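Working notes, beginning with the structure itself.
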Amino acid sequence: MAEKNKACVIGSPIEHSLSPVIHNAAYDHLKLNWFYDRHEVDETNFNEGVEELIQQDYVAFNVTMPGKEAAHNYCDITYGGASRLYSVNTIVVKNGKTHGYSTDGDGFVNFLKDENIDLSSNHFVIIGSGGAARSICDALFENGARISICARNLEKANEIIDTIKNAERDITNPHSSINAYELKNADELISNADVLINATPIGMHIDKEIEFDSPINLELLNSDQIVIDTIYSPLETPLLNKAKSLGCPVYNGIYMLLYQAALSFELMTGQKAPINIMRKALLEEINNRF
Ligand code: NAP
């Protein structure tokens with residue numbers, strides 16, 4: 001039998017990464033001659049770490065924070081959001097060249113499309129101005145969305161806007177708009193959002209305890225809204241719990257995690273990702289761990 005194609009996730013720390021479970025479930029299901037594991041690679045020795053793995057015949061990598069900028073600098077060629085945000089989470093080695101992609105934002109948009117959440121008619125309100133918010137905003141902007149970022153640090157939110165607006169694009173969608181607001185002054189905006197996205201860690205499990213807190217005043221929610229959390233531990237944050245009780249469609253952080261993995265899988269293997277198989281494996285692993 002031919003040698004297996006080798007892929008892995010790299011970062012530091014890396015031992016808790018869920019990526020091997022998701023990718024290996026897909027390989028098993030499609031009977032692909034691939035295998036996927038994880039390796040500790042520090043961002044400060046990024047190039048040496050990847051080179052060593054390429055010498056060991058690894059042909060595809062996922063990169064976790066904080067190595068995504070180093071990965072961008074390492075790649076021979078970058079594409080789309082990876083070039084715009086200087087951030088690579090997927091590297092594919094092809095014909096001796098390293099190709100860098102970012103699947104966080106595009107994966108998120110694929111998830112919205114699969115759930116029939118319209119990109120051009122809805123007003124998206126994102127809470128937070130960190131890495132997750134940046135990827136989501138860039139991909140939404142690329143796809144013609146009306147976006148408001150609400151952050152406690154207005155300067156960081158404005159930096160995201162500058163990056164997105166100044167980035168080179170083949171075409172700028174004429175319907176796209178993006179503005180920033182201070183979270184503490186954004187109550188009206190939040191209650192008028194069509195799609196509300198939490199991209200902060202507020203509500204996460206901390207030392208196995210859920211932080212019973214929400215990034216917004218929960219009284220601002222109403223049943224006409226779609227509510228998305230980027231957090232997947234716990235699967236239901238206080239924000240999602242309240243939104244669900246009002247009858248809102250709710251989506252936890254599994255969706256973002258799964259869809260970025262699915263797109264990476266497709267770039268690496270050239271095969272359509274078996275998303276339901278990947279979701280099942282991910283949920284089983286999360287339920288076992290947390
Ligand atoms: P990050 O770069 O550290 O950004 C965190 C953001 O949350 C910052 O804007 C921070 O504001 C804000 N924040 C933190 N505590 C806050 C508070 N008490 N009040 C208001 N804002 C607060 O982190 P990230 O990488 O963007 O991750 C954010 C969340 O997304 C995490 O929960 C992470 O688990 C989740 N995530 C999920 C996926 C997935 O695949 N599902 C992928 C990536 C991230 P300051 O800048 O003012 O500190």
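The values are calculated or read from the model by the stated rules, or taken from the named source; none is laboratory data. Every value quoted in this text rests on a predicted model; they were computed, and no experiment measured them. Glycine gets a Cβ as well: all are built from the backbone with ideal geometry, and neighbour counts include every protein chain shown.
Name, by its number, the condition in (1) of a type in the set (Asp, Glu); (2) more than 12 Å from the ligand (Cβ to nearest atom); (3) closer than 25 Å to GLY107 by Cα that does not hold for ASP187. The number of the failed condition is (3). Evaluating ASN192 against the criteria (1) polar (S, T, N, Q); (2) touching a residue at least 40 places away in the same chain (Cβ under 8 Å); (3) within 15 Å of the ligand (Cβ to nearest atom) leaves one unmet condition, (3). Can we say ASN47 is surrounded by fewer than 20 Cβ atoms within 10 Å (Cβ to Cβ) and at positive phi? No; evaluated as a whole, the condition is false for this residue. Look at (1) within 20 Å of LEU189 (Cα to Cα); (2) within 13 Å of the ligand (Cβ to nearest atom) and you find that LEU246 fails only one, number (2). Only residues that are more than 16 Å from the ligand (Cβ to nearest atom), over 20 Å from VAL63 (Cα atoms) and under 17 Å from the mean Cα position of the chain (by Cα) were counted in the range 88-116, giving 1. Has the range 151-158 got at least one residue that is away from the ligand (no atom under 14 Å from the Cβ) and within 30 Å of THR78 (Cα to Cα)? No, the conditions are met nowhere in the range 151-158.
Would you mind stating whether ASN116 is part of a loop (DSSP other than H, G, I, E, B), out of contact with any Lys or Arg (no Cβ under 8 Å at 6 or more places or on another chain) and either of a type in the set (S, T, N, Q) or modelled with pLDDT of 95 or more (or both)? Here the answer is yes, as ASN116 does meet what is asked.
Among all positions in the range 142-159, there is at least one residue which is at pLDDT 95 or above, more than 13 Å from ILE127 (Cβ to Cβ), small (Gly, Ala, Ser) and surrounded by 19 or more Cβ atoms within 10 Å (Cβ to Cβ).
Can SER148 be described as touching a His at 6+ places or on another chain (Cβ under 9 Å), closer than 22 Å to ALA273 by Cα and either free of Cβ contacts under 8 Å to residues at least 40 places away in the same chain or within 15 Å of the ligand (Cβ to nearest atom) (or both)? Taking the combined requirement at face value, the residue does not satisfy it. The sole residue among ILE197, ILE178, ILE231, ILE226 that is touching a Phe, Trp or Tyr at 6+ places or on another chain (Cβ under 7 Å), closer than 30 Å to ALA273 by Cα, of a type outside the set (Ser, Thr, Tyr) and buried (at least 16 other Cβ atoms within 10 Å of the Cβ) is ILE197.
When the criteria are applied in full, GLY253 meets the requirement of being among the small types (Gly, Ala, Ser), within 14 Å of the ligand (Cβ to nearest atom) and within 21 Å of ILE22 (Cβ to Cβ). Among residues of the range 222-238 being under 23 Å from LYS113 (Cβ atoms) and either among the polar types (S, T, N, Q) or more than 17 Å from the chain's Cα centre (by Cα) (or both), the one that is farthest from the ligand (Cβ to nearest atom) is ASP224.
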